[in-house]
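Single-structure report; data block below.
Rule-based calculations on the coordinates, nothing more; no lab input. The structure presented is a predicted model; accordingly, all values stated were derived computationally and were not measured. All Cβ positions, glycine included, derive from the backbone under ideal geometry; neighbour counts span all protein chains shown.
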DNA sequence: GAGCTTGTTGTGCAAGTGTATAAATAGCCC
DNA sequence: GGGCTATTTATACACTTGCACAACAAGCTC
C-alpha cells in the first residue's frame, strides 16, 4: 500500500509519460486549473504545484508558458472578467422585444445560473478584494463596471423613451446606478444563500424592484 | 544609518526590551493587527511574523494567546462581523423619528463612512469569499445576514403601517430582500469607487430607490 | 527511421511558513 | 529589595513555496 508510485517492479527510473498539447490548449488548461484552484481554496491554495496537478502536468511546465505566478494569476483574472461581462451583455442582445422586455430579460439572466454561481462568486471576491491594494486590478474592475453600467443606462433610456418620458442625464445616471446596485445586491444574496430563495424568486424581485425604481406601472397587484 | 537596531555600542547580546501588557489588551492588539494585515495584503500577506511586527511583538507571542493561526483568524473575523452589525443596527436606534425617517437614516448611515470604507470592504471580500468552502464561515454569515434583513423587515412593516398599508408576510419578505440588495449593491459601488460619486449621492440614490420600492410618494420632482 | 527542436519532467535551492521550545526578563508579592 | 511566575523573546525545525536548470522524450522534418 505504501510507495505505490512505481508501476514497474524493477528499478526502472522511467519518467512519467506525457503528450505535447498545443500551446493555446495548454495555456487555456492552466488558466482554467488556476481558476479552479483559486475558487476552491482562495489565493492561498493556488500554488504552482496544486495548479499543475489539476491541469495534469508538473509544476515546472508553468514557467514555460508564463513568466511567473503573478502573470498567470493576472491572465486568469482577465479571462474570468471577460467571460462574466460577455455573458451579462449577451442577455441584452435578444431580438424582437420591447425595451421593457429586454430589461426584464437582462435582470432575469443576471439572477439565475450560470451567473448566480458560488464558484464565480468565490472567484469574484478573492480577486476584487485585492482591488484596493492592486492598482491594475482596480482599473480592470472599474472598466468592467462602467461598461456594464453604460449598458444598463442605454436600456433604461430606451425603456423610458418608449414610455414617453424624457429624463435628463443626471436622472439616467441615477437610475443606472440604482439598477446596477439592485442586480449586484440580489446576485450576492443568491450566490451566498441560493437555497433560501425559491427558483426564479430573485429574478421576480429584481424585475419588480427595477420597474418600481423606473416608475413603471406594475402589471397588476397592490400593496 | 544602517543597522540601527543595536543601541548599545559594544557586543551586548541584549535582548529586545519589552513591556507586559494586560491579556485583554494584547489579544485586542493582535486581532487588530491581524485585520490590518489581511486588509492590506489579503490572507496571503497575513503571516504570523507580519502580524506580530504590526502589533509590536515577536511572532512567538501569538502562540501564547491563540492555539494557532487558524483560531486567530476566526476570532478576527468574529470581531469584524460584530463591529459591522453593531454599527448597522445602531443607525436604526434613533429616537423621536417617524418610521420613514428612521428608514432613511438607516440607508444614509449604511452608505457613508465609516460603513463605506475600502478597508472594511477588503476584509469582507477576503473572508466572505471563503464562505463557499468553509461551513462555519457560511453559517456565521447567514446569521448576520438574516439578522440584518429582519431588522430591515421590521422597519419596513412600521413604515407601511404608518401609511395605512397592510402587506402580507410574503410582500414584507420581498421588500426586505430588495432593500437589503439595494443597500448592499450601493455599498459595494461606494467602497470600490467612492470617488466616482459626489458626497451623499449614494445615500440620496439609496433613499429614493428604497422609497420607490415601497411605493412611497416622493417628496417632490418628476420623471 | 535518424536527427533535431522544444515541450515536459524531475530535482535542487533559497526564502518564507507555522509550530515547538528553551532562555530571559518584567513586574507583582512579601 | 529578593524571589517567583508568567509574559515575552529568540532560536530551531520540518515543511511548503516559487523559481532555476539540467535531463529527457514526443513528434515533426527530411
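Okay, here's what the table says:
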| item | result |
| --- | --- |
| Distance (nanometres) between label positions extended 7 Å along Cα→Cβ at residue B:41 and residue B:162 | 5.0 |
| Theoretical FRET efficiency, 1/(1+(r/R0)^6), r = Cβ-Cβ of residue B:217 and residue A:98, R0 25 Å, to 0.05 | 0.35 |
| Spacing of the two label points (7 Å from each Cα toward its C-beta) at residue A:169 and residue A:150, in nm | 1.4 |
| Label geometry 7 Å along the beta-carbon vector: residue A:147 inter-copy distances in nm | 4.0 |
| Per-residue Cβ neighbour rank within 10 angstrom, fewest leading, A:152, A:57, A:113 | A:113, A:57, A:152 |
| Helical contribution to [θ] at 222 nm, DSSP H n ≥ 4, -39,500 (n - 2.57), averaged over chain A, rounded to 500 | -22000 deg cm²/dmol |
| Normalised contact order of chain B, rounded percent, pairs of Cα under 8 Å and 6 or more residues apart | 18 |
| Distance (nanometres) between label positions extended 7 Å along Cα→Cβ at residue A:198 and residue A:78 | 4.5 |
| Ascending list, in nanometres, of distances separating the residue A:65 label from those of the other copies (7 Å, Cα toward Cβ) | 4.5 |
| Label point 7 Å beyond Cα along the C-beta direction, distances from residue A:18 to other copies (nm, shortest first) | 4.8 |
| Selected from A:42, A:144, A:60 as most flexible by GNM, with chain A as the system and alpha-carbon contacts under 10 Å | A:60 |
| Between 0 and 90°, nearest 10: helix A:118-128 axis offset from chain A longest Cα axis | 90 |
| Between helix A:23-45 and chain A: long-axis angle, C-alpha atoms, 0 to 90°, nearest 10 | 80 |
| Between helix B:169-192 and chain B: long-axis angle, C-alpha atoms, 0 to 90°, nearest 10 | 50 |
| Shielding by partners - mean other protein chain Cβ count within 10 Å, residues of A:171-178 | 5 |
